[in-house]
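Participant: Okay, here's the structure, questions in a sec.
The values are calculated or read from the model by the stated rules, or taken from the named source; none is laboratory data. Here the structure is a predicted model, which is why all the values come from computation and not from measurement. Methodologically, a virtual Cβ is constructed for each residue, glycine included, from the backbone with ideal geometry; neighbour enumeration extends over all protein chains shown. Calculation scope for accessible area: heavy atoms of the full protein, side chains included, ligands and nucleic acids excluded. Shrake-Rupley method; radii C 1.70, N 1.55, O 1.52, S 1.80 Å.
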Amino acid sequence: MAEILTVKLKRNGWPEDEAPVMIDESLLAYTEGGFEDDNEITKWREWHLDGKIVKRAAHVTLKKNVAAEAVAAMFGK
Amino acid sequence: MKRFFRWLMVPVAAYAERFLLLYANSQAMTSAFKRDILKGFHNLGGTDNPARSVNTSDAYKLALYLATASRGAGDTVYNTTGELAATGNYVAGGEAVTLGTPPALDSTTAHVTPSASVTWTDLTSSGAFDAALLYNDSHATKYAVSVHTFASQSITAADFTLTMPTNDGTTGLIRIA
């Protein structure tokens, strides 16, 4: 059963204004994808209407992070 | 004369744009954080801090930055320059992180990682973003901790979730070896 989704659509006459509207998911083209590298695992989902992205979600899982080296110096060095 | 200046400005503008594009966010523990932990500015450790009379963890936040920003090791405090605009359900300053697990040792490496994912709900980002700054939100100065980068993302009317790595001495979000 198709869900009702909230998407962003440009309204006629208001080219800069993308208003959130409710739309039946069955009217949208759905794609998903992702990739993995040393830094992250990323998954994204997109919903298209007439070739334009009207909804896009992403989930990033961080893998590679920041570290500092702690140093205790010797006296007289 | 006007035409000459117009002619001159075209390559100047192109060079400036190219120069600006060289700016990028860099993943790093900020240099200031290394100093600030020695000064006792941070408590990422929950309630097990017997060395201090104020025995509670500070509050930390993650703010998102446009791919054109230049956050990195040189940051000292939370900076609004290059942050996502406060539109489309993004709140300036970002989202709170949960520090449910105090810093711990894994052999000789100390590490700490937020204990839950951070989600920006029903977000429409003001542009493509590729970095998050972790900073201390308990102090008015909002001391910077670290910058974490990822592949550039644009979000439209949906959630953006940042999931933390495994909290150990190899992959923990903040590590001191």
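Participant: About its Cα centre, what dipole magnitude does the stretch B:46-139 give when the only charges are +1 on Lys and Arg Cβ and -1 on Asp and Glu Cβ, stated in debye to the nearest 20? Walk me through the numbers before you get to the answer.
Facilitator: Working: 3 positive and 9 negative charges, 23 e Å.
Dipole about the Cα centre, nearest 20: 100 debye.
Participant: Applying 1/(1 + (r/R0)^6) with R0 = 51 Å to the Cβ-Cβ distance of B:Thr161 and A:Phe75, what FRET efficiency is obtained, to the nearest 0.05?
Facilitator: Taking R0 as 51 Å, the efficiency between B:Thr161 and A:Phe75 is 0.55.
Participant: Right, something else. Over the whole of B:160-169, what's the average partner chain Cβ count within 10 Å per residue? Rounded to a whole number, please.
Facilitator: The shielding value for this peptide is 4.
Participant: On to the next question. So for the pair A:Lys52, A:Ile4, with labels modelled 7 Å out along Cα→Cβ, what separation do we get in nm?
Facilitator: 2.2
Participant: Let me ask you something else. By accessible area of protein heavy atoms, probe 1.4 Å, what ranking do A:Ile4, B:Ile37 get, highest first?
Facilitator: Accessible-area ranking of A:Ile4, B:Ile37, largest first: A:Ile4, B:Ile37.
Participant: Return one number: the angle in degrees, 0 to 90 and rounded to the nearest 10, between the long axis of the Cα atoms of helix B:2-21 and the longest principal axis of the Cα atoms of chain B.
Facilitator: Here the helix axis deviates by roughly 20 degrees.
Participant: Mind putting a number on the dipole of the protein assembly as shown about its Cα centre? Charges go on the C-beta only, +1 for Lys and Arg and -1 for Asp and Glu, and I need it in Debye to the nearest 20. All intermediate terms of the calculation are to be shown ahead of the outcome.
Facilitator: Working: 23 positive and 27 negative charges, 228 e Å.
Using only the charged Cβ atoms, the result is roughly 1100 debye.
Participant: Checking a compactness column here: for the stretch B:24-176, what do you get for Rg(Cα) / (2.2 N^0.38 Å), N being the number of residues?
Facilitator: The value comes to 1.02.
Participant: Something else now. Which residue, B:Gly40, B:Gly93, B:Gly127, tops the fluctuation ranking in a GNM of chain B built on C-alpha contacts under 10 Å?
Facilitator: B:Gly40
Participant: What list of whole percents do you get for P(r) of the stretch B:55-102, with Cα-Cα distances grouped in 5 Å bins up to the one holding the largest distance?
Facilitator: 5, 18, 24, 22, 15, 11, 5, 1
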